[in-house]
Amino acid sequence: GAHVERYLATIRLIAKMPPLAAFSYRHNMGLPYVYPDNDLSYSENFLSMLFKMTETKYDPDPRLAKALDVLFILHADHEQNCSTSAVRSVGSSDVDPYSAVAAGIAALYGPLHGGANESVLKMLRRIEKVENVPDFLESVKNRDEKLMGFGHRVYKNYDPRAKLMQETCHEVLAELGLENDPLFKLAMALEKIALEDEYFVSRKLYPNVDFYSGIVQSALGIPVS
């Protein structure tokens, strides 16, 4: 019946997203497309389609695949946000799942929603050096600068998803030997100072999922664009 078709459409949609994303990445890089490999898990497959080069069999790093799993699960558990609302609103007209999800993707494309983790990376690049963090935070307090990737509309204590993302972030940086990469060093310095600063603590402005997910994706080699 209709619900079986809906169920199949949902499975196919979830299955087709990594090839679509990976193919667009490979196209932008001028690289040949890598087709899905049924021996690999969902996240391993995505890494393979993104990064496979001349090897006959891509051997994904299990720790990075796990980090991607965490990333995907935490983004799925993302309450009644802008894109979810768009999907539900369009879906309420009894349209097919593809059209409803297309509306959600259009909503997610906005810089204040899906681009939030990108704006974190842009902010870090602007701060430039660890020494500049205190001055930057002063500008934030004076309302001259915006602190991206901090605070949450619903979670007024630490967002439980951000806690997991933080652990994943630290693990990925350690495993890739990137703890001393200037950008990541800067992110960790900002995290540390903000978490100890009375101004941010009293206002319950903790790092959120976007603060860490941008850093993780960047470390995995997924381009900002």
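The values are calculated or read from the model by the stated rules, or taken from the named source; none is laboratory data. What you see is a predicted model, and the numbers here were worked out from it, not measured in a lab. Please note: Cβ atoms are built from the backbone with ideal geometry, for glycine as well, and neighbour counts cover all protein chains shown. Please note that ligands, DNA and RNA were not included when accessible areas were found on the heavy atoms of the full protein model with its side chains. Shrake-Rupley method; radii C 1.70, N 1.55, O 1.52, S 1.80 Å.
Results, tabulated for the structure shown:
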item: DSSP loop chymotrypsin sites (Phe, Trp or Tyr not before Pro) with at most 15 other Cβ within 10 Å excluded, longest remaining stretch of the chain; result: 34-108
item: Relative contact order, percent, the chain [alpha-carbon distance under 8 Å, six or more residues apart]; result: 18
item: Under 20 Å from the Cα of Lys57 - lysines, other chains or at least 8 residues apart; result: Lys66
item: Point-charge dipole on Cβ atoms (K/R +1, D/E -1) for the range 78-162, about Cα centre, debye to 20; result: 140
item: Neighbour cut-off at most 16 other Cβ (10 Å), DSSP loop, trypsin sites (Lys or Arg not before Pro), the range 98-148; result: Lys129, Arg143, Lys146
item: Summed residue charge, Cβ within 9 Å of Leu137's Cβ, Lys/Arg positive, Asp/Glu negative; result: -3
item: Paramagnetic reach from Val154 in the range 200-215 [backbone N under 20 Å; point 7 Å along Cα→Cβ]; result: 204-214
item: Residue-normalised accessible area of the chain, given per residue in Å² at a 1.4 Å probe; result: 59
item: Relative contact order of the range 61-170, pairs being alpha-carbon contacts under 8 Å that are 6 or more residues apart, as %; result: 23
item: P(r) weight above 22 Å for the chain, C-alpha pairs, percent; result: 58
item: Those aspartates and glutamates that a straight Cα-Cα span of less than 13 Å connects to Lys129, excepting residues fewer than 8 apart in one chain; result: Asp181
item: Accessible area of the chain belonging to carbon and sulfur atoms, whole % at 1.4 Å probe; result: 57
item: Evaluated over the range 36-112, the Cα radius of gyration and Dmax, each in Å; result: 16.2, 47
item: Rounded Å value of the spacing that divides the Cα centres of the range 152-177 and the range 27-76; result: 22
